[in-house]
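What follows is a set of notes on a single structure, which appears directly below.
The values are calculated or read from the model by the stated rules, or taken from the named source; none is laboratory data. Since the structure is predicted, the reported quantities are computational estimates derived from the model, not experimental observations. A quick note on method: Cβ atoms are made from the backbone with ideal geometry, for glycine too, and the neighbour counts reach across all protein chains shown. Keep in mind that these areas ignore ligands, DNA and RNA; they rest on the heavy atoms of the full protein, side chains included. Shrake-Rupley method; radii C 1.70, N 1.55, O 1.52, S 1.80 Å.
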Amino acid sequence: MYGWHLKLLRVNLTTHKVTTEDVDPQIARDYLGGRGWAIHYLYKEMNPAVDPLSPENILIFATGPLTATPAPTGNRYMVVTKSPLTGALAHSNSGGEFPTWMKRTGFDLFIFEGKASEPVYVLVNEDQVEVRSAAHVWGKDTHETTDILKAETSAEARVACIGPAGENLALMAAIMNDKHRAAARSGVGAVMGSKNLKAVVAMGNKNPPLHDTEGMRAISVETSKNVGADVKKGSNMRIYGTSYVPQVTNTLGILPTRNFLQGTFEHVHNVDGDALKDQYLIRHTPCYRCPLSCGRLTEVPDGPYKGKGEGPEYETISSLGTGCGVSNLAALVKANYLCNEYGMDTITTGMTIAVAMEMYEKGYISEELIGMPLKFGDHDAMIAMIKKMAYNEGFGKDLAMGSYRLAEKYGHPELAVTTRKQEFPGYDPRGSQGMGLLYATSNKGASHMEGDVAYEEVFGVPVKENPHSTEGKPELVKHFQDSFALIDSSGLCVFVAIRYVFDKNRLIWPQTLATMMNLSTGAGYTPEEVMKAADRVYTLERMFLIKAGSGPEWDVLPYRMLHEPLPDGPAKGMVAELDKMLPEFYEKRGWDEKGYPTKEKLMELGLPIN
Amino acid sequence: MIRIKMIANYRAVLPPEAKHGVIEIDVPDGTTVYEAISRFDIPLNDESVIVLNGLTVDMNTPLKEGDMVTAFSAIAGG
Ligand code: SF4
């Protein structure tokens, strides 16, 4: 077989037993790879009702059929497990280099089961797999851990690991790879920590053989040329990464500001891409084989926030920055570095601190409880809170549970801006209606990465949609959800896939991606087949949610979005109009009026009926 | 007087007196969004997103005193 190795590695951390298994070629085809294969195995092997932090939870690392191929941005993997933050599904994507190295071990999938009695790391060097003691790196941050494990294995190895936040089971803990890249959301790092699994180290030379190497080379050159033409013209993604976005969302009045109390931030120019570029940017940094190269190496050269690392990206600016009312860029950059080093999702970290700030200002929690004043805009307090969260110290214990549990514990659940208990990313759905429907129905809780219709509502890619309108949004959201399930299963990065691989015309939209997957695997997919497979993946994830207890009753938006109109900006006076979209969305998905996939739909997709 | 705001790479087309990507210009009564923005060297096709006071509008909408027309490059990101 081509493209896929059709091999998975299973490591039982309780017994240290390592096994390898073949993947059924029909399953491979029907579920595409990456995120699709992962939900197939998770659904088949695990009771979705298990406690996510118990040994019964399964943690899957999954590459796709385009990972480690010449396809531009074929550098991704997915981390899939049951989320301790949401109680629903976690599927977090990351790039960098680790995913390519992981696939070069000769396995498409790593499945981790059980729980080690002592801290361990797993070294996979092709068929040599060892479960080794991690006692010497336990307690160390992600950067030190990466350096130490590379030094004791090989400079050719790549490392994915957790930091103190994951060890301490903070529900916003991320899995960091190559130091700066994060499978960030939904607490995947806490699952790793609960298994006493500090790191996974991958190396090998087993590039997947391709069905049509020459064809793959040609299509990759063509795609890279299109990216290159934009870069030459001065693509924002190359110059700024996503840090240019605060100016866009601020203009539209949907920039999360002070825990969504506002949609515009008066100091936005202090924390935007131009400020970052002028003050701290050293250079852009790519993930493996990416012609766009949107990463940023930055440095705060001196002062109290001195440091060097990557970021911040937009989502970090809109959470730890504007979300907390913070306008000190050096402090914000430092906060980003700390999250990377402690291994934390910046969105949930920032928006949880933002909720705490609002609760403090409203007098719902005291200075005594927190250990210091915690006003919006207090960047030093924000940094102090990050440390407390990572190390589970004092009030950090409350923060480490995320904003939903924090607000509920202190009697003000209406202040948590979450769906399925996960914090919103950087688009206020009161002024981008499609995003509201997306957040409410996303299988992983609020996330832009599960069908980012902001591409159309905000960025005009591939076509411009009016963000204030609800019309046509159910269809658009479904289309984007399936498209993202497809991309996440393929092994490509969405940034390049949406802009340079997908067609503007929705009817032939995934044609080039299907072609790439065929050149890789020889599966002979039609564009219709890959979209249907993506629908299968999405719907099976929904079935997982229903069995996990995070079903349709969670397809809701938080109080603020439905009942507190935006007070400022172009979307002033608006609320999220979920009820106008949800019934039609269920219908478009082939779900009944209560939000359950119908028997007919399950049969059409070849999914189990129970 | 109206305001023109350019975001990120589009700032390069503004004169040096622009502050945070915004300049003020005088335009004759009845000038449309399209006419105002076409004074600047940016692509006026689907490569750009152009909004009036942050809202999606018809490019032939006439401008009023104090209006702000913003343009940015249509590119995936975020
Ligand atoms: S576009 Fe950015 S995130 Fe995506 S692969 Fe390239 S460098 Fe990585």
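Worth a mention:
- Filtered by the rule that a residue be touching a Pro at 6+ places or on another chain (Cβ under 7 Å) and among the polar types (S, T, N, Q), the range A:484-528 gives A:Ser490, A:Gln511, A:Ser520, A:Thr521.
- Within the range A:289-303, residues that are under 18 Å from A:Ser243 (Cβ atoms) have Cβ atoms under 7 Å from residues that are more than 16 Å from the ligand (Cβ to nearest atom) and open to solvent by 30 Å² or more (accessible area, probe 1.4 Å) in these pairs: A:Thr298/A:Tyr280; A:Glu299/A:Tyr280; A:Glu299/A:Lys308; A:Val300/A:Tyr280; A:Val300/A:Lys306; A:Val300/A:Lys334, counting only partners at least 6 apart in sequence or on another chain.
Yes/no per residue for (1) within 21 Å of B:Glu47 (Cα to Cα); (2) away from chain B (no Cβ under 14 Å); (3) in contact with a His (Cβ under 6 Å, 6 or more places away or on another chain):
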residue	(1), (2), (3)
A:Glu475	no, yes, no
A:Ser489	no, yes, no
A:Arg499	yes, no, no
A:Pro510	yes, yes, no
A:Leu513	no, yes, no
A:Ser520	no, yes, no
A:Tyr538	no, yes, no
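- Test: residue in the range A:68-83 that is more than 30 Å from A:Lys421 (Cβ to Cβ), in contact with a strand residue (DSSP E or B) (Cβ under 7 Å, 6 or more places away or on another chain) and not basic (Lys, Arg): no
- Elements of type helices (runs of 4 or more DSSP H) in the range A:329-382, at least 3 residues being under 26 Å from the mean Cα position of the chain (by Cα): A:329-342, A:346-361
- Of all residues in the range A:256-291 being more than 16 Å from the ligand (Cβ to nearest atom) and in a strand (DSSP E or B), the one that is surrounded by the fewest Cβ atoms within 10 Å (Cβ to Cβ): A:Gln262
- Residues of the range A:492-509 satisfying the condition of being open to solvent by 30 Å² or more (accessible area, probe 1.4 Å), in contact (Cβ under 8 Å) with a residue 12 or more places away in the chain and away from the ligand (no atom under 16 Å from the Cβ): A:Asp503, A:Lys504, A:Arg506, A:Ile508
- Scanning the range B:35-78 for residues that are under 18 Å from A:Phe459 (Cβ atoms), among the aliphatic types (A, V, I, L, M) and outside any loop (DSSP other than H, G, I, E, B) yields B:Ile37, B:Val49, B:Ile50, B:Val51, B:Leu52, B:Leu55, B:Val69, B:Ala71.
- Restricting attention to the range A:17-42, the residues that are open to solvent by less than 10 Å² (accessible area, probe 1.4 Å) and in a loop (DSSP other than H, G, I, E, B) total 3.
- Selection within the range A:252-273 - facing another protein chain (nearest Cβ under 9 Å) and without any contact (Cβ under 8 Å) to a residue 24 or more places away in the chain: A:His269
- Residues in the range A:453-463 include none that are open to solvent by 10 Å² or more (accessible area, probe 1.4 Å), modelled with pLDDT of 95 or more and among the hydrophobic types (A, V, I, L, M, F, W, C).
- Selected residue [in contact with a strand residue (DSSP E or B) (Cβ under 7 Å, 6 or more places away or on another chain) and hydrophobic (A, V, I, L, M, F, W, C)] from A:Leu513, A:Leu519, A:Leu545: A:Leu545
- Options A:Glu45, A:Glu97: the member that is away from chain B (no Cβ under 14 Å), in contact (Cβ under 8 Å) with a residue 12 or more places away in the chain, within 16 Å of the ligand (Cβ to nearest atom) and surrounded by fewer than 20 Cβ atoms within 10 Å (Cβ to Cβ): A:Glu97
- B:Gly21 being within 14 Å of chain A (Cβ to nearest Cβ), of a type outside the set (Ser, Thr, Tyr) and on the phi > 0 side of the Ramachandran plot: yes
- Of all residues in the range A:292-321, those satisfying the criterion of being within 12 Å of the ligand (Cβ to nearest atom) and assigned to a loop (DSSP other than H, G, I, E, B) are A:Leu292, A:Ser293, A:Cys294, A:Gly311, A:Glu313.
- Among (1) open to solvent by less than 30 Å² (accessible area, probe 1.4 Å); (2) in contact with a Leu (Cβ under 8 Å, 6 or more places away or on another chain); (3) assigned to a loop (DSSP other than H, G, I, E, B); (4) away from the ligand (no atom under 16 Å from the Cβ) - the single one A:Gln481 does not satisfy: (3)
- Unmet criterion (only one of (1) part of a strand (DSSP E or B); (2) within 16 Å of the ligand (Cβ to nearest atom)) for A:Leu9: (2)
- Search result, residues across the range A:405-425 that are farther than 10 Å from A:Thr352 by Cα, part of a loop (DSSP other than H, G, I, E, B) and open to solvent by less than 10 Å² (accessible area, probe 1.4 Å): A:Arg420, A:Phe424, A:Pro425
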